Amino acid sequence: MQQISKFAILGLVLINVFIVSFAQLLLKIGSKSLDEGFKKLFSPCIFLGTFLYVISLVFWIYILSRTKLS
């Protein structure tokens, strides 16, 4: 396991925060269309927001694997 610098970790964490924030915004926009019916659940905003959450989860696991927690 290769350690990376604290500044690089901070940068990766900030990028991950922006990804999660954007995913939440997309889910909020997509949820407005849920009033129109269940098939809107598969709207592009809902799909992309969920996809970004998965990407951020993988990214977060990568960050945790490269740094110490203590």
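The values are calculated or read from the model by the stated rules, or taken from the named source; none is laboratory data. Keep in mind that this is a model prediction, so the values were computed, not measured. Please note: Cβ atoms are built from the backbone with ideal geometry, for glycine as well, and neighbour counts cover all protein chains shown. Side chains included, ligands, DNA and RNA excluded: accessible areas come from the protein's heavy atoms. Shrake-Rupley method; radii C 1.70, N 1.55, O 1.52, S 1.80 Å.
Structure values in brief
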| quantity | calculated |
| --- | --- |
| Cβ-Cβ under 6 Å pairs, at least 6 apart or on other chains, region 1-20 side within 22 Å of THR50 (Cβ to Cβ) and touching a residue at least 40 places away in the same chain (Cβ under 8 Å), far side open to solvent by 90 Å² or more (accessible area, probe 1.4 Å) and in a helix (DSSP H, G or I) | ASN16/TRP60 |
| Looking only at region 21-45, and only at residues there that are modelled with pLDDT of 95 or more and open to solvent by 40 Å² or more (accessible area, probe 1.4 Å), the one that is farthest from PHE59 (Cα to Cα) | LEU25 |
| Check on ILE15, within 19 Å of the chain's Cα centre (by Cα) and at pLDDT below 90 | no |
| Positions within region 56-70 being surrounded by 14 or more Cβ atoms within 10 Å (Cβ to Cβ) and assigned to a helix (DSSP H, G or I), in sequence order | SER56, PHE59, TRP60, ILE63 |
